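Enquirer: This is the structure, below, for whatever I ask next.
A short reminder: the numbers here are calculations on the coordinates, not readings from a lab. Keep in mind that what you see is a predicted model, and the values were worked out from it rather than measured. Glycine gets a Cβ as well: all are built from the backbone with ideal geometry, and neighbour counts include every protein chain shown.
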Amino acid sequence: MKIILRAGGIIRSGPEREMIDDYLQRARGLARGTGFLSVEEQQIDLRSAKSRSDETTTLLGDVSPGAKLVIFDERGKTPTSRQISKTFADWRDDGISQLVMVIGGADGFEPSAIPPGTIRWAFGPQTWPHKMVRMMAAEQIYRALSILARTPYHRD
């Protein structure tokens with residue numbers, strides 16, 4: 001299974017960029033050994049989108065029908081790191097070829113443009129800056145793979 005972290009907006013430099021890159025690089029190092037094909041980030045420029053609906057379509061419109069789609073939404077479920085790890089493993093074992101995890105634009109996702117079957121996850125009820133959400137998502141991808149690899153990174 002290929003894991004894609006897709007986000008609205010471009011982060012070129014700064015401490016968040018360094019942390020995102022670090023966690024994704026670490027995740028890539030564990031991917032093959034845990035049965036995943038790759039881990040990648042896709043930064044989507046949303047400046048030409050004129051509405052929340054346009055942003056949502058730009059972010060979600062080309063996700064393949066067989067992919068698992070997870071959007072980060074403040075109203076989503078808040079799985080534990082172990083639950084995320086188990087979910088990744090279940091999807092991998094079920095033959096899902098692609099997992100696309102999406103962080104929306106500043107105004108979130110247009111509900112009517114979200115495909116049926118989309119999974120919603122949240123990092124709690126707080127409001128987080130998008131750069132931090134991207135960093136936390138990258139870290140959770142790494143953490144999930146490190147749990148599957150049985151590294152000492154995650155402690156209960």
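Enquirer: Yes or no: P79 outside any strand (DSSP E or B) and under 15 Å from M136 (Cβ atoms)?
Expert: Yes.
Enquirer: Still on this structure, I have one more. Could you tell me whether any residue of the stretch 145-156 is within 18 Å of R26 (Cα to Cα) and under 15 Å from the mean Cα position of the chain (by Cα)?
Expert: Within the stretch 145-156, one or more residues are within 18 Å of R26 (Cα to Cα) and under 15 Å from the mean Cα position of the chain (by Cα).
Enquirer: Among the residues of the stretch 87-105, is there at least one that is acidic (D, E) and surrounded by 15 or more Cβ atoms within 10 Å (Cβ to Cβ)?
Expert: No: zero hits.
Enquirer: Scan (1) among the β-branched types (V, I, T); (2) in contact with a Ser or Thr (Cβ under 9 Å, 6 or more places away or on another chain); (3) without any contact (Cβ under 8 Å) to a residue 40 or more places away in the chain for the single condition I10 breaks and write down its number.
Expert: (2)
Enquirer: Now for a separate question. Being in a loop (DSSP other than H, G, I, E, B) and either touching an Asp or Glu at 6+ places or on another chain (Cβ under 9 Å) or among the aromatic types (F, W, Y) (or both) narrows it down to one residue among S53, S48; which is it?
Expert: Exactly one residue qualifies, and that residue is S48.
Enquirer: Something else about it: Can you confirm whether S85 is over 18 Å from A7 (Cβ atoms) and out of contact with any Gly (no Cβ under 7 Å at 6 or more places or on another chain)?
Expert: Considered against the rule, which asks whether it is over 18 Å from A7 (Cβ atoms) and out of contact with any Gly (no Cβ under 7 Å at 6 or more places or on another chain), S85 comes out as yes.
Enquirer: Taking the residues in the stretch 31-51 that are in contact (Cβ under 8 Å) with a residue 24 or more places away in the chain and over 19 Å from R134 (Cβ atoms) as candidates, determine which candidate is surrounded by the most Cβ atoms within 10 Å (Cβ to Cβ).
Expert: The qualifying residue surrounded by the most Cβ atoms within 10 Å (Cβ to Cβ) is F36.
Enquirer: Out of all the residues in the stretch 115-139, which are within 15 Å of A7 (Cα to Cα), in contact (Cβ under 8 Å) with a residue 40 or more places away in the chain and either aliphatic (A, V, I, L, M) or surrounded by 17 or more Cβ atoms within 10 Å (Cβ to Cβ) (or both)?
Expert: Of everything in the stretch 115-139, those that are within 15 Å of A7 (Cα to Cα), in contact (Cβ under 8 Å) with a residue 40 or more places away in the chain and either aliphatic (A, V, I, L, M) or surrounded by 17 or more Cβ atoms within 10 Å (Cβ to Cβ) (or both) turn out to be W121, A122, H130, K131, M132, V133, R134, M135, A137, A138, E139.
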